[in-house]
Amino acid sequence: MKKILQPIEEASEKLSTIINKTPLQYSKRLSDKYKANIYIKREDLQETRSFKIRGAYNKMSTLTDVEKKRGIVCASAGNHAQGVALSCSLLKIKGTIFMPIITPNQKIEKVRQFGGEYIKIRLIGKTYDEAYAASNTYCVKNKAIYVHPFNDPLVITGQGTIAQEIYEETNGKIDTVLIPIGGGGLISGMSPYLKAKNPTIEILGCEPLGAAAMSESLKLGKVVKLSKIDPFVDGAAVMQASSLTYKICKDYVDNITIVPEGKICTTMIDLYQNEGIIAEPAGALSLAALDLLAERIKGKNVICVLSGGNNDISRYPEIVERSLVYLELKHYFTVEFVQKPGQLRDFLNKALGPNDDIVLFEYMKKMNKEKGPALVGIELKDKKDLAPLMRRMDELEFNYQKIENEHMLYSLLI
């Protein structure tokens, strides 16, 4: 037990003047909804608006003067980059930070702000894994020190200081802790500490559906690399966990819940509208999992780690769109209109219900003079209104096709 607890306690002491001891916020709304005591660990309130500063600083503060002169390299989708950038500035270490080109501008600008003259940013690759490969090549060539976001014991130990704060603030009265998983550094730091304090504490990981590398690895009994991922949950969009985090999760994590991206978006909107919390997709993972764990957590003391709040405002239209699609309130169709008077009027007056709203209407290329297909987006007030809408289109003999996620147009619309 001492082997697990002591490094984290020492890291906590080291970080005491660098980080914010973030609040553990009780949520009456969520507690009432799930008939449990729900607390939110607000790591979005760090200066870097994510927990990543803990691990980055804990690692970099151990470097010797010789190592510091060599400089550091890292790859990150944003939050680790900010933690590294701030650590570079605080410790006066030069750093080169590789980020995928899909990284939100807000995160890129914050990295520049935190690192200042001490860092250089290189935008390479469409995913974290591609940026990581490029950063490794650069690191070897320049003989720099690599600061990995999750495959490093010192980084993992730094993230584990969150667990110590939670345990001390609750006096150990914890039943379940929900922790987001990307590469697994956060849950690998927290779970051994909590289990060492009390083996009955249930540790539940939360992964996005489009990048569930850890759960797939645990299912197959070995570290696996996903062939493709959905990069939307950018802070957790990792193709492959590390052997280190895999082993820790295998030993200490009780279960992993897979969360659809649309559900994450709905949770982000709920948090903003009800609590005024701006969460990024990865940051909202643990709270988005609550619906999927409702029966399991009933009557328990539950901690949800809100891991980050670095969300670019330009992403909100897509977040709203994904949420509406997930809630089955927004649907897209291709509808063939016969080129004769009254066709469009019949669609508007007879096919649409009183609460149905057209949010997209675009004529596509006419195939001939008699017919013209249109792309139509319809927003419903209630998901139960979809079946009546389609029944009315059938009765009016409209030739139409509902665009499902397998359709080639779907990725252009969502």
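The values are calculated or read from the model by the stated rules, or taken from the named source; none is laboratory data. Owing to the predicted nature of the structure, the values given are computational and were not obtained by experimental measurement. Glycine gets a Cβ as well: all are built from the backbone with ideal geometry, and neighbour counts include every protein chain shown.
The table that follows gives values for the structure above.
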| read-out | value |
| --- | --- |
| In the range 48-70, the residues that are outside any helix (DSSP H, G or I) and either of a type in the set (Ser, Thr, Tyr) or touching a helix residue (DSSP H, G or I) at 6+ places or on another chain (Cβ under 7 Å) (or both) | Thr48, Ser50, Phe51, Ser61, Thr62, Thr64 |
| Thr200, sole failed condition from (1) surrounded by fewer than 24 Cβ atoms within 10 Å (Cβ to Cβ); (2) in contact with a Gly (Cβ under 9 Å, 6 or more places away or on another chain); (3) over 22 Å from Pro281 (Cα atoms) | (2) |
| Qualifying positions in the range 243-255 - under 18 Å from Ser307 (Cβ atoms) and in contact with a Leu (Cβ under 7 Å, 6 or more places away or on another chain) | Cys249 |
| Residues being touching a residue at least 24 places away in the same chain (Cβ under 8 Å) and under 17 Å from Arg70 (Cβ atoms) - total across the range 137-153 | 10 |
| Candidates Tyr118, Tyr128, filtered to the one that is in the same structural domain as Leu63 (by TED's automatic domain parsing) and within 22 Å of Pro281 (Cα to Cα) | Tyr128 |
| Options Leu154, Leu178; residue that is in a helix (DSSP H, G or I) and either at pLDDT below 95 or in contact with a Gly (Cβ under 9 Å, 6 or more places away or on another chain) (or both) | Leu154 |
| Residue satisfying condition, being closer than 20 Å to Gly189 by Cα, of a type in the set (Ser, Thr, Tyr) and touching a strand residue (DSSP E or B) at 6+ places or on another chain (Cβ under 7 Å), within set Ser31, Ser76 | Ser76 |
